[in-house]
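K.L.:
Right, I'll just put the structure down here and ask away after.
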Amino acid sequence: MIDMKKFIPLAILALLIVPAYVVAARSDTGSGPKPSIVFIHGAWADGSSWSRVISILQQQGYTVYAPANPLRGLTSDAAYIASFLQSISGPIILVGHSYGGAVITNAATGNPNVKALVYIDAFAPDQGESLASLSSVPPPAGQSPSCVSGDPTQVFNFVPLNGGDVDLYVKPSLFPSCFANDLPPNEGAVLASTQRPFALSALPQPSGVPAWKTIPSFYLVGTIDNVIPPFAQLFMAQRANATIVQVRGSHLVMILHPTAVVGLIDQATLSKQDSLDTSSQQTLTPAIA
């Protein structure tokens with residue numbers, strides 16, 4: 001017969017020493033219902049950017065959603081995603097990439113079902129901040145600004161819309177080196193051709209009351225991200241008191257490093273289930289070289 005008094009401490013020790021991507025495979029052992037995972041993509045992208053991460057999570061038995069982010073403006077996009085979240089019963093882990101981080105920051109506010117926010121190379125604005133204001137912060141000495149912060153005519157193609165707004169497309173010649181600098185060039189070229197447009201009017205729209213002030217947050221920093229530079233990501237992550245992991249990845253880190261993204265989502269899930277103390281999570285996932 002197993003001596004449970006000896007077995008339980010050993011089991012806890014095992015959880016603390018294995019990498020987070022191994023723990024992910026055991027995330028259904030915690031108490032309470034398994035949360036739904038909801039992914040919100042960023043600008044110039046669609047839900048397929050999460051495909052490799054979703055495949056892993058579905059194999060683990062999670063219910064996963066990746067609704068279309070309208071990309072029309074922070075206020076309306078967050079309202080749409082907030083309505084989508086209301087259609088889901090039970091606990092939710094809400095994951096946002098890039099501009100999708102700003103959307104989840106607003107969409108989750110006041111929703112008691114959202115148990116954790118997971119930011120992947122993402123904006124996490126405070127109240128009153130906009131994408132334009134966050135992107136215009138000058139970099140520290142020796143670091144580079146965002147690859148989309150230069151002369152707009154050299155970065156974007158413009159498509160006028162009825163009503164005076166303009167759709168922005170990242171120039172296909174820039175997209176691979178800017179967004180996908182660690183992916184094969186042919187894969188970056190495909191992503192450039194299939195990008196969804198982002199409305200120009202969305203850039204200056206101010207953010208509302210941030211959900212990260214009341215909901216536990218987790219943040220993956222891509223250390224070779226050219227779109228949202230690492231210094232900006234770390235500033236937002238630390239301000240949100242997030243659990244932080246760093247991965248040597250580009251802005252599209254979820255494509256090349258899906259297990260790292262799953263590992264952070266697993267940390268958020270375990271935190272929700274009270275299976276591990278949040279303060280110990282920062283040591284679970286090592287940076288990926």
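The values are calculated or read from the model by the stated rules, or taken from the named source; none is laboratory data. Here the structure is a predicted model, which means the values were calculated and not measured. Positions of Cβ are generated from backbone atoms using ideal geometry, with glycine treated the same way; all protein chains shown enter the neighbour counts. When the accessible area is computed, the model is the full protein with side chains, heavy atoms only, and any ligands, DNA or RNA have been set aside. Shrake-Rupley method; radii C 1.70, N 1.55, O 1.52, S 1.80 Å.
K.L.:
Taking the full set of protein chains and a 1.4 angstrom probe, give the accessible area of SER87 in square angstrom, rounded to the nearest 10.
P.N.:
We get 90 Å² for SER87.
K.L.:
Can I ask one more? Hey, can you grab everything whose amide H is under 5 Å from the amide H of PHE198? Only 5+ residues off in sequence or another chain; H modelled, so Pro and N-termini drop out.
P.N.:
Those qualifying (amide H under 5 Å, at least 5 residues apart or on another chain) are TRP44, LEU168.
K.L.:
For region 50-105, count the residues as N, evaluate 2.2 N^0.38 Å, and divide the Cα radius of gyration by that value, please. Please list the in-between numbers first.
P.N.:
Working: Rg = 12.0 Å, N = 56, 2.2 N^0.38 = 10.2 Å.
Taking N as the residue count of region 50-105, the ratio is 1.18.
K.L.:
I've got another one for you. What is the spin-label model distance, in nm, from THR194 to GLN238 if the labels are put 7 Å beyond Cα along the C-beta direction?
P.N.:
Between THR194 and GLN238, the simple spin-label model gives 3.7 nm.
K.L.:
Whose amide H sits under 5 Å from the amide H of GLY208, counting only residues 5 or more places off or on another chain, with H placed in the peptide plane?
P.N.:
GLY128
K.L.:
Using Cα-only point scatterers and the Debye equation, what is log10 of I(q)/I(0) for region 78-202 at each q in 0.12 Å⁻¹, rounded to two decimals?
P.N.:
Results for region 78-202 at q = 0.12 Å⁻¹ read -0.59.
K.L.:
Quick one: Karplus J couplings for region 39-49, per residue in order, coefficients 6.51, -1.76, 1.60, θ = phi - 60°, nearest Hz, x for Gly and Pro?
P.N.:
9, 10, 6, x, 6, 6, 8, 8, x, 5, 5
K.L.:
Quick one: Karplus J couplings for region 93-104, per residue in order, coefficients 6.51, -1.76, 1.60, θ = phi - 60°, nearest Hz, x for Gly and Pro?
P.N.:
Taking θ as phi minus 60°, the curve returns 9, 9, 10, x, 10, 6, 4, x, x, 5, 5, 5 Hz for region 93-104.
K.L.:
Another question, then. For region 182-278, with every protein chain kept in place, what is the accessible area per residue (1.4 Å probe, Å²)?
P.N.:
Numbers: 3440 Å² over 97 residues.
Solvent-accessible surface per residue comes out at 35 Å².
K.L.:
Rank HIS97, HIS257 by accessible area, highest first, at a 1.4 Å probe radius? List each step's numbers first, then the result.
P.N.:
On the way: HIS97 5, HIS257 30 Å².
Sorted by accessible area, descending: HIS257, HIS97.
K.L.:
With all protein chains present, how much of the accessible area of region 89-172 (probe radius 1.4 Å) comes from carbon and sulfur, to the nearest whole percent?
P.N.:
Using a 1.4 Å probe with all protein chains present, region 89-172 comes out at 55 percent carbon and sulfur.
K.L.:
For the residue pair LEU161 and PHE231, what label-to-label distance in nm results when each label sits 7 Å from Cα along the Cα-to-beta-carbon direction?
P.N.:
Going by the 7 Å Cα→Cβ label model, 3.3 nm.
K.L.:
Still on this structure, please answer the following. Scan around CYS147 for amide H atoms under 5 Å from its own, H built in the peptide plane at 1.01 Å from N, and keep only partners 5 or more places away or cross-chain.
P.N.:
Long-range HN contacts for CYS147: VAL227.
K.L.:
Using a simple spin-label model with points 7 Å from Cα along the Cα→Cβ vector, what separation in nm is obtained for ARG52 and SER173?
P.N.:
About 2.8 nm, to one decimal.
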